[in-house]
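Below you'll find the structure, written out as structure tokens, and then a few comments.
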Amino acid sequence: MQGFVFRYFIPNEDGEPIEANRDAVFLEAEDAVLDRCVELFVHRRDLLRKISSFDPPLEIHLYQGSTFKDTKDQHYFYGRVTFDGDSRIMELAVEEILKTQNSFGEVMDIVAHEMIHVLDYLDDDNGILPGWSVAQVEEFMAARDLVRRSIMRGKSVIHRYALVSPEEFIAVLGEVYFTQPEALKDTNIILFELMDTYFHPPKKTAKR
């Protein structure tokens, strides 16, 4: 897939990342990321084209190992999206990619979660998917407010991490939509339909 730049890292003795050469494990993780991106955007090739045409291109940093320190000196992370000047950087833990590549029935889908963050950044990082109409945004925000209490009580398929911020809400929601669509549909039809219409838009009928 054109437009992504992969880099590979392992931790040194202090847990600081050092760049490494691509080995078989990195190659497997890279293939899994690319395959998952195709699956996520199979009905939204336009979104995939946007993400893969960033200038400078999206960097995907793959981290192999479990002793990394993040910027707050905390150990390890599953994934995140950061900026370095104009560069967008997606950081992903290799073991999490490989753990979930064949079991997308679980909520933990690191690639889906972080790709939703990338989409969010297309629209000023505000927890709203780019391209939603004013009416859709209003419907989404109303549904988001209503579901908060259920999430706090652990009564929702949406994980509590969604309550950290609007940005995390949309990322977790996207993750749930792609991994547990029927559960989301059964528990919150409004949020399901908003996501489904976005990622599976109805086909336009040709004019006669």
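The values are calculated or read from the model by the stated rules, or taken from the named source; none is laboratory data. Everything numeric in this text was worked out from a predicted model, so none of it was measured. Quick reminder, even Gly has a Cβ in these numbers, built from the backbone with ideal geometry, and neighbours come from all protein chains shown.
Annotations for the structure displayed:
- Residue within the stretch 63-78 that is within 25 Å of residue 119 (Cα to Cα), touching a Cys at 6+ places or on another chain (Cβ under 9 Å) and outside the structural domain of residue 174 (by TED's automatic domain parsing) present: no
- If you go through the stretch 63-94 and keep only what is under 18 Å from residue 179 (Cβ atoms) and at pLDDT 90 or above, you end up with 92, 93.
To keep it simple, each residue is scored yes or no on (1) in the same structural domain as residue 174 (by TED's automatic domain parsing); (2) touching a residue at least 40 places away in the same chain (Cβ under 8 Å); (3) over 25 Å from residue 131 (Cβ atoms).
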residue: 13; (1), (2), (3): no, no, yes
residue: 18; (1), (2), (3): no, no, yes
residue: 22; (1), (2), (3): no, no, yes
residue: 25; (1), (2), (3): no, yes, yes
residue: 30; (1), (2), (3): no, no, yes
residue: 34; (1), (2), (3): no, no, no
residue: 44; (1), (2), (3): no, yes, no
residue: 50; (1), (2), (3): no, yes, no
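- Scope the stretch 120-141; condition closer than 25 Å to residue 186 by Cβ and either in contact (Cβ under 8 Å) with a residue 40 or more places away in the chain or touching a Leu at 6+ places or on another chain (Cβ under 8 Å) (or both); matching residues: 127, 128, 129, 132, 136, 139, 140
- Residue 158 meets each of the listed conditions (1) within 30 Å of residue 87 (Cα to Cα); (2) under 21 Å from the mean Cα position of the chain (by Cα) apart from (1).
- Within the stretch 7-29, the set of residues being crowded, with 16+ Cβ neighbours inside 10 Å and in a strand (DSSP E or B) comprises 7, 8, 9, 10, 11, 17.
- Restricting attention to the stretch 30-63, the residues being surrounded by fewer than 18 Cβ atoms within 10 Å (Cβ to Cβ) and in contact with an Asp or Glu (Cβ under 9 Å, 6 or more places away or on another chain) number 3.
- Residue count, the stretch 134-177 (criterion: farther than 24 Å from residue 114 by Cβ and either part of a helix (DSSP H, G or I) or at pLDDT 95 or above (or both)): 10
- Some residue of the stretch 124-144 being of a type in the set (D, E, K, R), more than 20 Å from residue 44 (Cβ to Cβ), more than 17 Å from the chain's Cα centre (by Cα) and surrounded by 20 or more Cβ atoms within 10 Å (Cβ to Cβ): yes
- Qualifying residue in the stretch 193-205 (condition: more than 27 Å from residue 78 (Cβ to Cβ), modelled with pLDDT under 95 and of a type in the set (S, T, N, Q)): yes
- Residue 38 being free of Cβ contacts under 8 Å to residues at least 60 places away in the same chain, in a loop (DSSP other than H, G, I, E, B) and over 12 Å from residue 61 (Cα atoms): no
- In the stretch 46-62, the residues that are basic (Lys, Arg) and either at pLDDT 95 or above or farther than 19 Å from residue 121 by Cβ (or both): none
- Looking only at residues of the stretch 178-191 that are crowded, with 21+ Cβ neighbours inside 10 Å and assigned to a helix (DSSP H, G or I), we find that the one that is modelled with the highest pLDDT is 191.
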